[in-house]
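K.L.:
For reference, the structure I am asking about is given below.
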Amino acid sequence: MRVTLALVAALAAFAQAEEAVALRPAQVDKKWGYIDAKGTMVIDAVYRDAYEFSEGLAVVCVGPKRGYVDAKGVLVIEPQYSDAAPFANGTAVVERKEGKLHALRVIDREGKTVVEVEQTKDLEARDGGEGFLLVRERVNDEWRRYFVGRDGKRVEGEWVSADPFSEGLAAATFFRPESLSAKKDQKSYIGPDGKVVLEGTWSRADPFSEGLAYTDWLGTNRWVIDRQGKQVFELLPPLMTVRPFSEGRAAVQDQNLRWGFLDTTGKLVIPVQY
C-alpha cells in the first residue's frame with residue numbers, strides 16, 4: 001500500500017499495535033522514496049515513482065524507465081523497462097520496447113531473461129503472475145488463450161479466459177452451457193498445470209492474498225474464501241467490496257464509498273470512516 005494523506009490516519013491506527021517490518025513508498029516534493037515503520041526516510045525520495053517491496057526488491061521509475069531497488073537503496077537491476085511487475089517466486093515480468101520490438105520477458109533476480117514472448121498483431125501477452133506470461137494468440141481467426149511458464153512450456157485448459165496467478169491459483173472463466181443460470185460464464189480457480197483446483201460458479205473471483213480471496217455472484221453471496229474453498233466470512237451490507245489482504249488487514253468499502261479495515265476473520269478493526 002502506497003502512503004497517501006487519505007490513508008495516513010488509518011495506517012497509523014493499527015501500526016501502533018503491530019510493528020511493521022516492510023518499507024513503504026512515500027512522496028516528498030513530488031518525488032518518491034521509502035520510509036520505515038517509524039516514518040523515517042531510509043531511501044531518499046529521488047524516484048519519479050516507487051512501488052511496494054516484494055521478495056526484497058521494489059520497482060522504481062527513473063525517467064520513463066523502470067528497474068528494481070533493494071532495501072538498502074541499491075539499484076540492483078538498472079532502469080531499462082517500459083513496465084515492470086513485482087517479483088514472485090524469484091522471477092518478475094517486465095515489458096521491453098525498442099523501436100518496432102515489443103516483448104514481454106520473465107527475468108530472474110539478476111535481471112537475466114528466463115522467457116521472452118514478442119508481441120505481434122496475432123499474439124498478445126501480459127503479466128500472468130508468479131513468473132507466468134498470459135498469452136492471447138490468433139490461430140485461423142480464432143483467439144486462443146494460454147499461460148507460458150518460466151520453462152517456456154504452454155499451460156492450457158478448457159477455460160475461455162484467465163486472470164494472473166496469485167499464491168499458486170488463478171481465477172479462470174469457463175463457459176458452462178448446461179448451467180441453469182442465465183449467466184453461462186462462471187469462474188473457478190485453476191492451478192499452475194491449468195487444471196481446476198477450486199470448482200466454483202462465481203461471477204467474480206479475486207486473486208488470493210494471505211490465503212484468502214473475495215468471491216461473489218453478480219453482487220450477491222459475497223464471501224471471502226480460503227484456499228480449500230471454505231467460506232471464511234460473509235461480506236454483509238453496508239460493506240460492499242474488499243481489497244487484498246496485507247499483514248492481516250484488508251481495506252473495505254461501504255455503500256457510501258467510505259473506507260475502513262477488517263482482519264482475516266471479517267472483524268472491522270478500523271471502522272469505515274475515511
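The values are calculated or read from the model by the stated rules, or taken from the named source; none is laboratory data. Bear in mind that the values here come from a model prediction, so they are computed numbers and not experimental data. Please note: Cβ atoms are built from the backbone with ideal geometry, for glycine as well, and neighbour counts cover all protein chains shown.
K.L.:
When residues of the stretch 93-137 are filtered for being within 16 Å of the chain's Cα centre (by Cα) and of a type in the set (Asp, Glu), how many remain?
P.N.:
2
K.L.:
With under 23 Å from Val59 (Cα atoms), charged (D, E, K, R) and at pLDDT 90 or above as the only criterion, which of Arg150, Arg109, Arg145, Arg136 stands out?
P.N.:
None of the other options fit; the residue is Arg109.
K.L.:
For Val196, all conditions in the list (1) among the β-branched types (Val, Ile, Thr); (2) over 18 Å from Glu158 (Cα atoms); (3) surrounded by fewer than 18 Cβ atoms within 10 Å (Cβ to Cβ) hold save one; what is the number of the exception?
P.N.:
If we test Val196 against (1) among the β-branched types (Val, Ile, Thr); (2) over 18 Å from Glu158 (Cα atoms); (3) surrounded by fewer than 18 Cβ atoms within 10 Å (Cβ to Cβ), just (2) comes out false.
K.L.:
Out of Ala26, Ala88, Ala84, Ala6, I need the residue that is modelled with pLDDT under 85 and either surrounded by 16 or more Cβ atoms within 10 Å (Cβ to Cβ) or within 25 Å of Trp259 (Cβ to Cβ) (or both). Which one?
P.N.:
After applying the criteria, what remains is Ala6.
K.L.:
Which condition number does Gly99 fail, the rest of (1) assigned by TED's automatic domain parsing to the domain that holds Tyr47; (2) more than 23 Å from Pro207 (Cβ to Cβ) being met?
P.N.:
(1)
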